[in-house]
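Asks: Have a look at this one before I ask anything.
Nothing in this text is a laboratory measurement; each read-out follows from the coordinates by a stated rule. Since this is a predicted model, take the numbers as computed values, not measurements. Backbone-built Cβ (ideal geometry, glycine too); neighbour counts: all protein chains shown.
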Amino acid sequence: MTNRPAVPQDSTPPPGVTAVAPEESVPVGPLIELPPAITVGEISDLLSIDVVDIIKQLMRAGLMLTINEAVDFETAAMIAQSLGFRVKAPKAKERGPGSLVVSSDEEDPALLEPRNPVVTILGHVDHGKTTLLDSIRNTSVVDGEAGGITQHIGAYQVKRDDQVITFLDTPGHEAFTAMRARGAQVTDIAVLVVAADDGIMPQTVEAIDHVKAAKVPIVVAINKIDRPNSDPERVKRQLAEQDLLVEDWGGDVISVALSALTGEGVQDLLDNLQVVAEIGDLKANPSRPARGVVVEAQVEKSKGPVATVLVQTGTLRVGDILVAGVAKGKVRAMLNDRGERISEAGPSLPVEIMGLAELPDAGDVFEIAPDERTARSIVDERVRERQERRGTGVTLDEIHSRMESGEAKSLDLIIKTDVQGSVDAVKNVLLPLNTEETRVNVIHSASGSITESDVLLAVASDAIIVGFNSGPEPGAGSFARQEGVEIREYDIIYNLVDDIDKALKGMLEPKTRDIVEGVAVVRAVFKVGRRIGGVAGVYVDQGRISRGGQISVLRDNKPIFSGSITSLKHFKDDVRELSTGLEGGVVLEGFSDFQEGDVLESHQTELE
């Protein structure tokens, strides 16, 4: 390696460095593009400078680092610039953590192609979710191979009238929300399963609230219509109480009556899913590097770390270097939902991949790195970001700062109470707090203790949990502390309302008013040095004159000047204020033309 403190103008740039033409008033030197994170050794390689000299530069900046330790972009840029290089910032979030683009808005329209919808089935336990999934899978598997699936990979595809639908077999709305909490929106349509004989149950309400928070279209599957005591109309009425008005009742929510056990109505459900998908006009760009989401992951004895991933855009290929969360590896093999080896997977296709060095988490975003070094840099950055994000949830005390940053003027709450009757009572007392400028948004409310599912929803929705005579379960409390979710507990409803009201007012632009805190009369004008009439000798007639006040000078009851105090004295002492009955000297910034009889008013601005 060449040891040099700077790069001469006529030097040949090292590999990976682009030379630029000199510009007037711009330092001359090779232009390099640094990644968001890079190790000391990699800086040495990129600049073709001995690593010892890089470490010396870091020591001069007060950083004691070894060759394998990573630094952020700002530190690397500082070192490169000190050695004569010009630095180009990395493209905004091109490969940054959590940068999955579900929407196709930023893609070239000419490269977009229709993609298959991704559907998740949610609902109360024992209402037939698993039976419905099995019924769909066994009657409509791609290529008609009923029962042909050789393994369970947490997702599969069915074919209906030449259109393929991808189903995610998540264990429930907790997993659905866990993915959202990690920044991944994986579902295009949510199917809510409600048993026609049981009706809406507490877990159904939770599922509804989780789907609403995700802003995903809902299709209701009213299951078990083959039961003798089924009552679909009662289910529709209960749905209306949850603000889900079905089409039969004049609303826009599609509902399908079916029996997952007998298969009646299942094909009708698939037809309606196709309609919702067509309305959504789902598209993706298959020609770009793949991005997607980890559905599940586990270690298998014969395969090692194995992950089921859903490709959302681009095409995933065997041999790609994949980064998922803080796990990375080279894709050695891919299997589809029927256990067949495939070489590539396009948008909306779920596949099982092998080759990761460790297990990612369900919901982690995956993307493709151009090389191993970039993959390592991405993982290092994500590890740092996870550490920085830990414990940074929203609190009521932070609402004021949100107002200053211009964020949305709504406060999302999750309400848990001791008894069901208290739920409506708490919601009703919060309703009057809504105004045209701010509003309380209750994204979930129920009776019972605060659970880990509530905390997950709060993480995904950036919400605050309010417990009225209800506290967190032991696991939920520690989980909330870990994720930085604020839990507020109350036993007096007026204290609850008061705190929420204060938080909402903090979201408004502060209203201020001007008050006169004191009045003084100029009794003499003093010459100071060469300045004539520079100091006003005053007598405080009422209130006080303070250094922090804004002074208005009135002459013949008309204001002639307004400014701040530069000097305030009582005899020879500098003071912060003069109160009623005291005399002193006042010097104003930008004004010295005092006359005897002038009136000085001290004004303060305060919040209403």
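Asks: Please sort by residue number the trypsin sites (Lys or Arg not before Pro) in region 189-258 whose DSSP state is loop and whose Cβ has at most 15 other Cβ atoms within 10 Å.
Replies: Within region 189-258, the qualifying trypsin sites (Lys or Arg not before Pro) (loop, at most 15 other Cβ atoms within 10 Å) are Lys215.
Asks: For Ala333, enumerate residues with amide H under 5 Å from its amide H, sequence gap 5+ or separate chain, H modeled in the peptide plane.
Replies: Met354
Asks: Starting at the first residue of region 113-128, write each ³J(HN,Hα) from the Karplus equation 6.51 cos²θ - 1.76 cosθ + 1.60 with θ = phi - 60°, in whole Hz, x for Gly and Pro.
Replies: 10, x, 10, 6, x, 10, 10, 10, 9, 10, x, 6, 4, 6, 8, x
Asks: Further, regarding this structure: How do 159-167, 201-209, 565-573 rank on mean C-beta neighbours within 10 Å, highest first?
Replies: 201-209, 159-167, 565-573
Asks: Just to be sure I understand: if I project the alpha-carbon convex hull of region 291-387 onto a plane and average over all orientations, what area do I get in nm²?
Replies: Approximately 5.7 nm², given one-decimal rounding.
Asks: Let me ask something else. How much length would be gained if the chain were fully extended between Phe526 and Ile342, taking 0.36 nm per residue of separation minus their Cα-Cα distance, in nm to one decimal?
Replies: Going from the current span to full extension adds 56.9 nm.
Asks: Tell me which residues come under 5 Å, amide H to amide H, from Ala195 once H is placed; ignore anything under 5 positions away on its chain.
Replies: Placed amide hydrogens put Asn223 under 5 Å from Ala195.
Asks: Okay, moving on. Fewest Cβ neighbours within 10 Å first, please rank Tyr494, Tyr539 accordingly.
Replies: The order, fewest Cβ neighbours first, is Tyr494, Tyr539.
Asks: So which trypsin sites (Lys or Arg not before Pro) in region 310-390 pass both tests, a DSSP loop state and at most 15 other Cβ atoms within 10 Å of the Cβ?
Replies: Arg390
Asks: Can you list the residues, at least 5 places off or on another chain, whose amide H is less than 5 Å from the amide H of Val326, using H built in the peptide plane?
Replies: Long-range HN contacts for Val326: Asp361.
Asks: If you don't mind, there's one more thing I want to ask. So which of Lys159/Lys215; Lys88/Lys215; Lys283/Lys416; Lys159/Lys236; Lys88/Lys212 end up more than 31 Å apart by C-alpha?
Replies: Beyond 31 Å between Cα atoms: Lys88/Lys215; Lys283/Lys416; Lys88/Lys212.
Asks: Taking neighbour counts of Cβ atoms within 10 Å as a proxy for exposure, in what order, fewest first, do Leu192, Leu431, Leu261 appear?
Replies: Neighbour counts put them in this order, fewest first: Leu431, Leu261, Leu192.
Asks: Taking neighbour counts of Cβ atoms within 10 Å as a proxy for exposure, in what order, fewest first, do Met334, Met59, Met78 appear?
Replies: Neighbour counts put them in this order, fewest first: Met59, Met78, Met334.
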